Structures are given as C-alpha cells and as structure tokens.
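Read through the structure below, which is laid out as structure tokens, and then see the notes.
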Amino acid sequence: MNPVVGLAAFVAVSIATAAIGFYGLRISRTTGDFYVASRTVPPWWNASAIGGEYLSAASFLGVAGLILLSGTDALWFPVGYTAGYLMLLLFVAAPLRRSGAYTIPDFTEARLESKAVRRVTSLVVVAVGWLYIVPQLHGAALTIRISTGLPAWVGSLAVVVVVCLTVVAGGMRSITFVQAFQYWLKLTALAVPVVFVLLVVAGGQTEAVAGLQSNPTQLPAAGPYQNISLMVALLFGTLGLPHVLVRFYTNPDGQSARRTTLIVLGLLSVFYLFPTVSGVLGRVFAPELARSGQADALVLLLPGRLVGGTAGELLSALVVAGAFAAFLSTTSGLVVSLAGVISQDVFGGSVRGFRLAALLAAVVPLCFAFLTDSLALAGSVGLVFAFTASTICPVLLLGIWWRGLSDAGAIAGMVTGAVLCGGAMVSGTLLGPGNSPAWLAQPAAWTVPAAFAVMVLVSRATRNRVPLNVARVMTRLHVPERPVATER
C-alpha cells in the first residue's frame, strides 16, 4: 500500500471526525447534553450511532481475520454480536430507558438504594471500558503500521488525541453525530471493496475457488464447549456493555428505545455480511497471511492484492478510512460512558468534571496499549464480553426482572464474576495462546452461571436488605410511558 495514500485516508477521517465533533459543541450546553444528549435522539439517528460505536476493531478487522484462520468456527462471532441485540431488545432496552438514570451505576444505586453497590458497579464499568478500549488502540497501531509504515504507537496516540478532542468538545451530543456518520463510512469502506473484489474474481480468477477446500486451518477446531461458551459471552455480554447501554438513555421514551434496537439489528446484519465475505475471500486468495501472523490485516491488504493499480490503492485508502472510523467511534463511545461514571463519582458531575474524566478515561488505556500487544482482535474483545457477561449483565437482568435482588447479593455476584473471569483471563494470558485449556480460554460458560447463582443465593439470604420501595421502582421500569401529546 502506498504510504501517502494510507496517511491521506487517516488524516481525512480524523479531520472529518473532529469537524463533526466541533459542530456538536455549538448545541452542547447543558449537563444533559454532555451525558445523554438531553434524551432527544430519534431512533434512526441513534441506531446509526450505536452501529458506529458497537462495530469496533474486532468487527472491522478481527472477524475477517478469524474466518481466515479458523473458517466456519469464526462465524459464531458475527452471529453472537448481532443476536445479543435481540436479547437487549427483549429484556433491557425499554426498562433501562424508563429508569431515568444517566449511567449504569446510577441505575444500580436507584434500584438497590445502596452507595456501596454504586461504587462496585462503577469500578466494574471502568474496568470493562478500559479493557475494551485497549484492543481498539491495538487495531489502530496495526492499521497505521500496515498502511503508512509509521511506528505502531502513532496510530494508538492519534486515536486518543482525536477522541479526546471530540468528547471534550461536546460530550454525547457531539459523539452522536460523529458515530452516526462513522457507521455509514465503515459500511461503505467494507462493502465497496468487497464488491470490486468479487467483480475481479468473477471476471477471471474463479478457478482459485478450488483452493478453499485445501486451505489448512491455522487454529484448532473449536469443540462444543468453546462454541457454547463463546455464545454465552457474546449474547450476555452485549447486555452489559456500558457504551451501548448509555445510548438507550438518549432516546425520548421506551418505545423509541425498542425501535432503535430493531433498527440496529438490521444495520448489524447488513454490516457483518462484508467481513464474512472478506474472510472467505482471504482463505481462497491470501492464505499466506494466516501463516505469517497477519490475519487481522486481511481486510486492509486484500483490495491491493486482488484489484491492484490505482483502483486498488483507492480501495485500500477507503478501507483504511473505515478502519480508523471503527477505532475512533468505539473508543469515543467508551470514553463518553466512562467519563459519565468517573465524573459523577470523582469530579462532582459537572461539565468540567466530565471533560477531566474523559481525559483520564482515554489516557489510562493508552498506557496499557503501549505496554501490550494483540494478535487476535476479535478473540481479545470476546474475552471482554465474557467479563461483562459475568459482572454487569447479572445485576442488570436481575435488577430489572427480579424483585428479590438485594444490595449484598448484587455486590457478591459482581465480585464473584469479576474474580473468576478476571482470573481466567490472566491465567490464559500467562499460559500463552494455544496453551490454555478450553475452560480458561473461554470462561463464560461457567463464570456467568456462577455470578448469577451467587447473586441469587446471597440475595435470598439477605431478604431484609431488599429495598422497601422495590414495588414502586419495578412499576416505573415496566409500565410503558404515556405517549407525548402533540398539538394539532
């Protein structure tokens, strides 16, 4: 790839992101604008923004790379990422919107009337956010190195700088505009190159399809346990992602939240067609990337290899722009959600506190990204989903649907899930890729049930700690809002 073309694509998407973010500054004035865009974001706009922040490095680069490495086993990732939103639609979206909270800790404190629950939830949310930001910065480092030849750290640093500028400028209001734009940029950046590559293949290289069956699988075939555990992580983990959940606070009402989720399901289904096709094309035409450890770079390199010439360079530039849109949009959403939590718990909840918290939320994972490396973006994000499914998801589901949840049960369950899943993640890292047993490499199948079980058992043992006003709170969560009257 021509370094000048790659650098131009990166600069263009960064300038566009900053410009849209600063536009949002013109209409971001109140605390509500910074935290939840004053709850005025319509469904289509909000769905595009959710698609923008949810489709991260794991979706843009990692899914195709995993399909290149392991074939059909990797299809569980796009299926799980999308199906998780169906559970979100059925169990969480509308009740969470009706809670009136700004953040997940706001919800748990209001539901359980406990400052201790709020503190534990805040720590877990911050941990999840930082764990999720690090793979985005790894993806940016890989992309900048492949596309421009610059040192990898430049990509990570550039993403943090652009994100801090846009988030500090206008908070949730700015980021909503940015992420909606970036979803459509990412979709275009994957769809157009895939269509061109398919046209080239159909025009004279179809005989290479025979290589699909002989291409060796680079990763061991996943067994039933790994597939089940992965789906548990993706389905339940989606319910607890802080940057996704905060989006439902921006809808005007519960009906809009449900409609937003339905639209998101459609947008994700369309998007995941293209990394899946890219991965299949990679197994046919670029299997050497799997053997050289460059599987995550498949989407970046495929257009230049199969199309070539000026057209190939332009398509590669479009992919680079889409990749950086993925890193920027997901990191922006995570920084906004973390800034909301940190600012309320540490800096008093003001706009100034939000801005200070945003800087802290971005700089800490940047330091971790400089000290670590990732060769499997989708796999690393999958572990973050497992951690989220073992901590935030149980307290949300039980808090919304079970009157018997107590503050002691919520804390015990979250701590249990964090210790078990976090311990499995650390052990797997120490043992190294390929050396971890399945129950450590994919821990969600046992850590999620354990967290739920502890939460229920401890709550039953501490029935006296269930809030007295639980009936009123549950009514608020589950009784639909009245339609807003309009003048005729």
- Net charge (Lys, Arg +1; Asp, Glu -1) of residues whose beta-carbon lies under 12 Å from that of Ala93, Ala93 excluded, is +4
- Item | Neighbour net charge for Leu289 - beta-carbon separation under 14 angstrom, K R +1, D E -1 | +1
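What is the percent carbon and sulfur in the accessible area of segment 402-479, measuring with a 1.4 Å probe over the protein chains and ignoring ligands?
Here carbon and sulfur together make up 67 percent of the probe-accessible area.
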- Arrange the peptides 82-89, 401-408, 472-479 so that the one whose residues have, on average, the most other Cβ atoms within 10 Å appears first. 82-89, 401-408, 472-479
- Task: Work out, in µm²/s and without decimals, the Stokes-Einstein translational diffusion coefficient of segment 265-402 at 4 °C, 1.567 mPa s, Rh from Kirkwood over C-alpha pairs.
- Result: 71
- Item | For Ser380, net neighbour charge (Lys/Arg +1, Asp/Glu -1) across residues whose Cβ lies under 15 Å away | -2
- Say the dipole of the chain comes from +1 at the beta carbon of Lys and Arg and -1 at that of Asp and Glu; which of Ala357, Phe324, Val419 then lies farthest toward its positive end? Ala357
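Packing-wise, with mean Cβ within 10 Å as the measure, how do 124-135, 41-52 rank, highest first? Present the calculation step by step, with values, prior to reporting the outcome.
Values: 124-135: 25.1, 41-52: 22.9.
Result, highest mean first: 124-135, 41-52.
Taking the inverse of the average 1/r across all pairs of different Cα atoms in segment 56-133, what Kirkwood radius in Å do you get?
Result for segment 56-133, one decimal place: 15.0 Å.
Is there a quick way to get the dipole size of the chain? I mean about its Cα centre, with the Cβ of Lys and Arg at +1 and of Asp and Glu at -1; what is the value in debye to the nearest 20? Walk me through the intermediate numbers first.
Values: 28 positive and 16 negative charges, 294 e Å.
Value, rounded to 20: 1420 debye.
Over the chain, average the accessible area per residue using a 1.4 Å probe and give it in Å², no decimals.
Numbers: 18320 Å² over 488 residues.
Here the residues of the chain average 38 Å² of exposed surface.
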- With each label point set 7 Å from Cα along the Cα-Cβ vector, what nm distance links Trp401 and Tyr225? 2.7
- Query: Once the piece of chain linking Val351 and Val161 is laid out straight, how much longer is it, given 0.36 nm per residue of separation minus the C-alpha distance between them?
  - Reply: 66.5 nm
- Note on segment 268-342: alpha-carbon gyration tensor, axes a ≥ b ≥ c; rule is a/c under 1.5 for rounded, else prolate if a/b larger than b/c, else oblate; result prolate
- Obtain the nm distance between the two label points defined at Ala116 and Thr188 by a simple spin-label model: each point lies 7 Å from its Cα along the Cα-to-C-beta direction. 5.4
- Task: Note down the relative contact order for the chain as a percent, whole number, built from C-alpha pairs under 8 angstrom at least six residues apart.
- Result: 30
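Provide the packing ranking of 284-290, 425-431, i.e. peptides ordered by the mean count of other C-beta atoms within 10 Å per residue, highest first. Spell out each step's value before the answer.
Details: 284-290: 19.0, 425-431: 14.6.
Highest mean packing first, the order is 284-290, 425-431.
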- Query: Which percent of Cα pairs goes in each bin when the distances of segment 341-407 are cut into 10 angstrom slices starting at zero?
  - Reply: 17, 25, 37, 20, 1
- Query: In segment 266-380, carbon and sulfur make up what percent of the accessible area (probe 1.4 Å)?
  - Reply: 68
- Message: Just to compare against my own numbers: the Cα pair-distance distribution for segment 395-438, 10 Å bins, whole % per bin, please.
- Response: 26, 34, 22, 17, 1
- What percent do you get for the relative contact order of segment 258-355 when only Cα pairs under 8 Å and 6+ apart count? 13
- Item | Inter-label distance, nm, simple model (7 Å from Cα along the C-beta direction), Leu86/Phe370 | 4.5
- Using Cα-only point scatterers and the Debye equation, what is log10 of I(q)/I(0) for the chain at each q in 0.05, 0.10, 0.12, 0.13 Å⁻¹, rounded to two decimals? -0.18, -0.71, -1.02, -1.19
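Looking at the chain, do any whole DSSP H helices span at least 30 angstrom along their long axis by alpha carbon and average -1.0 or above on Kyte-Doolittle, and which?
3-25, 115-148, 152-202, 254-285, 309-346, 351-371, 407-431
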- Item | Net length gained if the chain between Leu262 and Arg476 were fully extended (0.36 nm per residue, minus Cα distance) | 74.8 nm
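The values are calculated or read from the model by the stated rules, or taken from the named source; none is laboratory data. Note that this is a predicted model, so its numbers are computed, not measured. A quick note on method: Cβ atoms are made from the backbone with ideal geometry, for glycine too, and the neighbour counts reach across all protein chains shown. We work out accessible area using only protein heavy atoms, side chains counted, and drop any ligands, DNA or RNA first. Shrake-Rupley method; radii C 1.70, N 1.55, O 1.52, S 1.80 Å.
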